[in-house]
Amino acid sequence: MRVFLPVLFAGGSFTGAAILGLLAGIVAAQRLSAPLLVPAGLTLGLIVGGYTALRLLAKSME
């Protein structure tokens, strides 16, 4: 079980960042009337989440 904890944390951080980016994009798109901010927010969330997940996994392999 202990082996799977870094994978669970990495997956959770990836998912959380993607959802937060999507929600931020939706809010910004509604306030600024710019619908392209939704995929931009999702993309930014995916990039940040992927980076964070990779850092967590790399740190756990040390």
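The values are calculated or read from the model by the stated rules, or taken from the named source; none is laboratory data. This one's a predicted model, so the numbers in the text were calculated from it and none came from an experiment. Please note: Cβ atoms are built from the backbone with ideal geometry, for glycine as well, and neighbour counts cover all protein chains shown.
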(message) Which count do you get for residues in segment 5-27 that are over 15 Å from Val48 (Cβ atoms) and surrounded by 16 or more Cβ atoms within 10 Å (Cβ to Cβ)?
(response) 1
(request) Confirm whether Leu37 is at pLDDT 95 or above, crowded, with 17+ Cβ neighbours inside 10 Å and not hydroxyl-bearing (Ser, Thr, Tyr). (result) yes
